[in-house]
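Just so you know, all these numbers are worked out from the coordinates, no wet-lab data involved. Every value quoted in this text rests on a predicted model; they were computed, and no experiment measured them. Positions of Cβ are backbone-derived with ideal geometry, glycine not excepted, and every protein chain shown enters the neighbour counts.
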């Protein structure tokens, strides 16, 4: 596949433009033929993509694959027991295929409602703008979806699946936008990445964010993860980081930023990634006044002990976890060891970056043997507390119900 | 990861964290399974359907959503696909017994070939999707005595430029007998 195809991509999502751009991927369909007696198989991965086996070869053995196409995978809560999420435990959520992009050829173009269209190579980004480093949450809008009863459509992330908090290295999006000169009437920025689908008609994944968030100093154009290169599956060579917000805004394989006067109109803005203002009855349609998913509500998880861990009676257990909120700050985390009848306040480590999760802990000494549970619930600085179960919504977004882990105390 | 035992305690709404068992990787055999597979199991694997039972309304929304995302589903195919999904993957009603593949596939044998060889991922009889409709192809080559050999070559080797920039991929593995039947059938579309 011609690597240069990434250079000329625009935000023009007309079918014709897209057909031309991904013409080479059509070859995939030849592999899609199926023999009469066999179960139907989807077409094979086209050229210019990274195989799932390569991606998963770099991941932790405990990572659970939820879908092979598009690839989605995540680790259970106890594998997040790190200050920052290591690369091999960072969740995978593709909408399309994993493109294999040549960093040396790659450019980022800024266009739309700007005074001057500009484009930068990776070297130019590093040279022209201050390079920054921040630890920040990235969480799929559908993270935790399996907590909803009944189960809505979408990737069946476990209640703590589909999120992570690595260190990101890059430049500030606002610096890049200022280099192009944002026009006064502009209000939004849309990112577009170089991922493509198996068939030419697959719509490109384009999301826009309000300029206020784009200009926030922690919103980055990222080229590194955990102080090393950005892995291919996580957007190599460039991605957006829109910290604390629904993950789909953090465009991977970023090649174009389009400054817009109004939110981008497209299926990934108008049909997907929408959440009702209030709960709806399961099975009912999305209300017409549903909102675009933006900042994640307050949430937490217990990372130690692991589910089904075994302890001896008399032993102290340092129950530990992570708490975060999309915008704002964690004010309080409480734990319960009696299914929510009584709660005790956890210690919180607050000396971390603005959008990073907070590490909390409580020392617990079980009074009797048997099966014991720990529940965690966080409260943010605006007074929002995690509910026992999140409000049901048709696409299963923003699950932030109280996390519960069970373990065994032996006599 | 953890022992694959689902633990739910008492009547609580908070299930202990567990990942789902792996859902079936193929669709339940039944009326409409070929069409549903041909149109849906392209961009995503079958688990996207088999993993979650939904209400009929949610399936309807999903089909609309997938068409917006580029699924090659013609307007007249929405109803049969919805019927299949709402029959076999319905949260509100138990699924009937699967219909064995031989019975489900009964009908026009060429229709089976079109699905089996994934022709229908890009072509439909009366409507241009990714590639030209079969009727357009038949009309273009009507009266052309070398059309059958040329089309057989197109199926085998692929090509592009005749109907636009999107390429027809090569399909070297389709048996000769199937190619002949497909070409005869395509040229007979009016």
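With a simple spin-label model that places each label point 7 Å from the Cα along the Cα-to-Cβ direction, the separation between residue B:68 and residue A:265 comes to 1.3 nm.
Computing FRET efficiency as 1/(1 + (r/R0)^6) for residue A:124 and residue B:140, where r is the C-beta to C-beta distance and R0 is 60 Å, gives about 0.75. Translational diffusion coefficient, Stokes-Einstein: compute it for region A:299-410 using the Kirkwood radius over C-alpha pairs as Rh, at 10 °C and 1.306 mPa s, and state it as an integer in µm² s⁻¹. Taking Rh from Cα pairs, D becomes 109 µm²/s.
Would you compute, from DSSP H runs of 4+ residues alone, the mean residue ellipticity of chain A at 222 nm, taking -39500 (n - 2.57) per run and dividing by the full residue count, rounded to the nearest 500? Intermediate results must be reported in sequence, preceding the final value.
Details: 6 runs with 36 residues, N = 411.
Taken over chain A, the calculation gives -2000 deg cm²/dmol.
The modelled label-to-label distance between residue A:338 and residue B:128, using points 7 Å beyond Cα along the C-beta direction, is 7.2 nm. Please report Rg over Rh for region A:170-228, where both radii come from the alpha carbon positions and Rh follows the Kirkwood definition. My calculation of the ratio gives 1.06.
With the cut-off at under 20 Å, measuring from each backbone N in region A:377-393 to a point 7 Å along the Cα-to-Cβ line of residue A:289 picks out A:391-393.
Can you tell me what percent of all Cα-Cα pairs in region B:64-160 are more than 23 Å apart?
Within region B:64-160, distances greater than 23 Å cover 41 percent of Cα pairs.
Considering only A:284, A:124, A:327, the Gaussian network model of chain A with Cα springs below 10 Å gives its largest mean-square fluctuation to A:284.
If the protein assembly as shown were replaced by its equivalent ellipsoid, with semi-axes equal to the square roots of 5 times the Cα gyration tensor eigenvalues, what would those be, largest first, whole Å? Write out the running numbers ahead of the final one.
On the way: eigenvalues 382, 192, 79 Å².
Listed largest to smallest, the semi-axes of the protein assembly as shown are 44, 31, 20 Å.
Report the calculated FRET efficiency for residue A:47 and residue B:162 (r = Cβ-Cβ distance, R0 = 25 Å), to the nearest 0.05.
On the way: r = 22 Å, r/R0 = 0.89.
Calculated transfer efficiency: 0.65.
As a rough footprinting exposure proxy, the listed residues A:292, A:75, A:362 were ranked by other beta carbons within 10 Å of their own, and the order from fewest upward is A:292, A:362, A:75.
Which order results if A:225, B:150 are arranged by neighbouring Cβ count within 10 Å, fewest first? Mind dumping the intermediate values first?
On the way: A:225 24, B:150 12.
Ascending number of Cβ neighbours within 10 Å: B:150, A:225.
Just rank A:391, B:25, fewest to most, by other beta-carbon atoms within 10 angstrom. Could you put the intermediate results ahead of the total?
On the way: A:391 18, B:25 13.
Ascending number of Cβ neighbours within 10 Å: B:25, A:391.
For peptide B:48-58, how many partner chain Cβ atoms fall within 10 Å of a residue's Cβ, on average? Mind dumping the intermediate values first?
Details: counts 9, 1, 0, 8, 10, 3, 7, 7, 1, 4, 9.
Partner Cβ neighbours, averaged per residue: 5.
Inverting the mean 1/r over all pairs of different Cα atoms, compute the Kirkwood radius of region A:107-292 and quote it in Å. Numbers along the way, then the final one.
Numbers: mean 1/r = 0.0576 Å⁻¹.
For region A:107-292, inverting the mean 1/r across all distinct Cα pairs yields 17.4 Å.
Sorted from longest to shortest, the spans of the Cα atoms of region B:107-187 along the three principal axes equal 30, 27, 24 Å.
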